[in-house]
1. From the list 78, 108, which one is within 16 Å of the ligand (Cβ to nearest atom), part of a strand (DSSP E or B), crowded, with 18+ Cβ neighbours inside 10 Å and modelled with pLDDT of 85 or more?
2. Every residue in segment 3-24 that is more than 11 Å from the ligand (Cβ to nearest atom), surrounded by 17 or more Cβ atoms within 10 Å (Cβ to Cβ) and in contact (Cβ under 8 Å) with a residue 40 or more places away in the chain, please.
3. Does segment 81-105 hold any residues that are closer than 20 Å to residue 13 by Cβ, more than 16 Å from the ligand (Cβ to nearest atom) and surrounded by 11 or more Cβ atoms within 10 Å (Cβ to Cβ), and which are they?
4. Of everything in segment 171-219, what is β-branched (Val, Ile, Thr) and over 16 Å from residue 26 (Cα atoms)? Give them in sequence order.
5. List every residue pair whose Cβ atoms lie under 7 Å apart, where the two residues are 6 or more positions apart in sequence or sit on different chains, the first residue falls within segment 189-209 and is outside any helix (DSSP H, G or I), and the second residue, located anywhere, is polar (S, T, N, Q).
6. I'm trying to understand the selection: among the residues of segment 42-64, which are outside any loop (DSSP other than H, G, I, E, B) and more than 11 Å from the ligand (Cβ to nearest atom)?
7. Give me the residue from segment 28-75 that is among the hydroxyl-bearing types (Ser, Thr, Tyr) and touching a residue at least 24 places away in the same chain (Cβ under 8 Å) and, out of that set, surrounded by the fewest Cβ atoms within 10 Å (Cβ to Cβ).
8. Looking at segment 89-96, can you tell me whether even one residue there is more than 22 Å from residue 3 (Cβ to Cβ) and outside any loop (DSSP other than H, G, I, E, B)?
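The values are calculated or read from the model by the stated rules, or taken from the named source; none is laboratory data. These numbers were taken from a predicted model, which means no experiment stands behind them. Cβ: placed from backbone, ideal geometry, glycine included. Neighbour counts: every protein chain shown.
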Amino acid sequence: MRLLLVEDDVYLQKSLSIALKQKGYTLSCVSSGKEAIVSAEWDSIDLVVLDLGLPDIDGLEVLKEIKSFNSAMPVLLLTARDKISDRVKGLDSGADDYLVKPFNVDELVARLRVLERRVSQQSGLTIDNKGLSLDSKGHTATLDGQIMDLPKKEFLLLKALMEALGRVLTKDSLEAKVYDMGEEALSNSIEVHMHHLRKKLPKNFIKTIRGVGYTIPKN
Ligand code: CA
């Protein structure tokens, strides 16, 4: 699980990131609304922890923006304002949960586990594009009705790209999806898996965006 932590309080961001890393999360930390929107769209994020009081854009606007390009993205709000109105507004805007500061890290982790379970239940989907059908729960992919012979890493690579259909994924974000935590990725291994995967797919099915990453254009 890759978590985006949006918190402008330097001390809180630091202490939360240390605690969450210890709990096994991979983290991207940002301290402004602008950075949060960019990161949520481009960094292959699975979960967002979003502080409502940000220096540049109101947290509720950031929430709406994230939900506008990925309505399924789970977002947990952090609010210092213990007001019913803010919580209601947040939940109305699509937030999945919220915590009022100050809170206990264990409480945060417990809430995140609930959101993760929800995500993994939802993610058992079949994604179709140009004759390719990928069943993320059954771990199978078929091309024109034929089951593809894909080793695990190639499947995970294809899955990441299909789940992000139409969006460009950077090499770093693909690495985060394909390799388990603590597993060493050789410097060119994504390229190697990509090379093998491409040989099994129609020409130009996966496009290289030079200097940025890879994408599967939407049908
Ligand atoms: Ca704040």
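1. Numbers: 108 fails: part of a strand (DSSP E or B).
Criteria check complete, one pass: 78.
2. 3, 4, 5, 16, 20
3. Taking segment 81-105 first, the residues closer than 20 Å to residue 13 by Cβ are 81, 90, 95, 97-105.
Still in the list and also more than 16 Å from the ligand (Cβ to nearest atom): 97, 104-105.
Result: 97, 105.
4. Applying the first criterion (β-branched (Val, Ile, Thr)) to segment 171-219 yields 178, 190, 192, 206, 208-209, 212, 215-216.
Correct list: 190, 192, 206, 208, 209, 212, 215, 216.
5. 207/215; 209/215
6. Step one: of segment 42-64, the residues outside any loop (DSSP other than H, G, I, E, B) are 42, 47-51, 59-64.
Result: 42, 47, 48, 49, 60, 61, 62, 63, 64.
7. So in segment 28-75, the residues among the hydroxyl-bearing types (Ser, Thr, Tyr) come out as 28, 31-32, 39, 44, 68, 71.
Now drop any that are not touching a residue at least 24 places away in the same chain (Cβ under 8 Å), which leaves 28, 31-32, 39, 44.
Details: 28: 20, 31: 17, 32: 15, 39: 19, 44: 23.
Per the criteria, the residue is 32.
8. At the first step, the residues of segment 89-96 found to be more than 22 Å from residue 3 (Cβ to Cβ) are 89, 92.
Now restrict to residues that are outside any loop (DSSP other than H, G, I, E, B): 89, 92.
The answer is yes, given that some residue of segment 89-96 is more than 22 Å from residue 3 (Cβ to Cβ) and outside any loop (DSSP other than H, G, I, E, B).
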